[in-house]
Amino acid sequence: MKKKKICVVLADYYPDISNMLMEGSFRELKAAENENIIEIGGEPIHVPGIFEIPVTITKLIKEYDAFVALGCVIKGKTLHFNLISKAVVNAIMDLSIRYKKPIGNGIITCLNKKQAVERANPNKKNKGGEAVTAVLATLANF
């Protein structure tokens, strides 16, 4: 069976949080790669913020079997948090369904920085690693 090629798209708006999410995701990806299940598609693709993730995945959709989207949104004092989060999650879901490719959602939406650090902590249950686990489980059914 051909190994599945996975691409990680990483939003850098909160680099400290994104790096922790990436660390958790790469731990899971490396384990799967070592078991000859998948092939990591090179270095993560860096984008400025989560809003740029869907268009980046769209551009690369034919080159990979699956994607992992990583990033963070922290609530501010305006509705921007709600609008951006909803738009991006809906776009990722639409892409996954339209192209029949799993896209792990490792984008965390948090009320404050402390919550973001807790959810991204690579020494705990990391949302980046969970996104990879979901993609691997889905790929196993293809």
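The values are calculated or read from the model by the stated rules, or taken from the named source; none is laboratory data. Computed from a predicted structure; not experimentally measured. For neighbour counting, all protein chains shown are included, and Cβ atoms are generated from backbone atoms with ideal geometry for every residue, glycine included.
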Only one of (1) surrounded by fewer than 15 Cβ atoms within 10 Å (Cβ to Cβ); (2) in contact with a Gly (Cβ under 9 Å, 6 or more places away or on another chain); (3) within 21 Å of A137 (Cβ to Cβ) fails for L70. Which number is that? (1)
For region 89-125, name all the residues that are in contact with a helix residue (DSSP H, G or I) (Cβ under 7 Å, 6 or more places away or on another chain) and farther than 24 Å from E28 by Cα. A91
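Which of the residues that make up region 126-142 are part of a helix (DSSP H, G or I) and closer than 14 Å to S25 by Cβ? It would help to see each step written out before you state the result.
At the first step, the residues of region 126-142 found to be part of a helix (DSSP H, G or I) are 127-139.
K127, G128, G129, E130, A131, V132, T133, A134, V135, L136, listed by residue number.
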Show the residue pairs that are 6+ apart or on different chains and have beta-carbon atoms under 8 Å apart, the first residue being within region 102-127 and in contact (Cβ under 8 Å) with a residue 12 or more places away in the chain, the second being among the aromatic types (F, W, Y) and assigned to a helix (DSSP H, G or I). T109/F81
If I go through region 1-20 residue by residue, how many of them are β-branched (V, I, T) and either more than 21 Å from N123 (Cα to Cα) or modelled with pLDDT under 95 (or both)? 2
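Would you pick out the residues in region 100-114 that are part of a helix (DSSP H, G or I) and surrounded by 15 or more Cβ atoms within 10 Å (Cβ to Cβ)?
Of the residues in region 100-114, the ones part of a helix (DSSP H, G or I) are 113-114.
Residues satisfying the conditions do not exist here.
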With respect to the numbered conditions (1) under 17 Å from V135 (Cβ atoms); (2) hydrophobic (A, V, I, L, M, F, W, C); (3) part of a helix (DSSP H, G or I); (4) touching a strand residue (DSSP E or B) at 6+ places or on another chain (Cβ under 9 Å), which one is the sole condition not fulfilled by L70? (3)
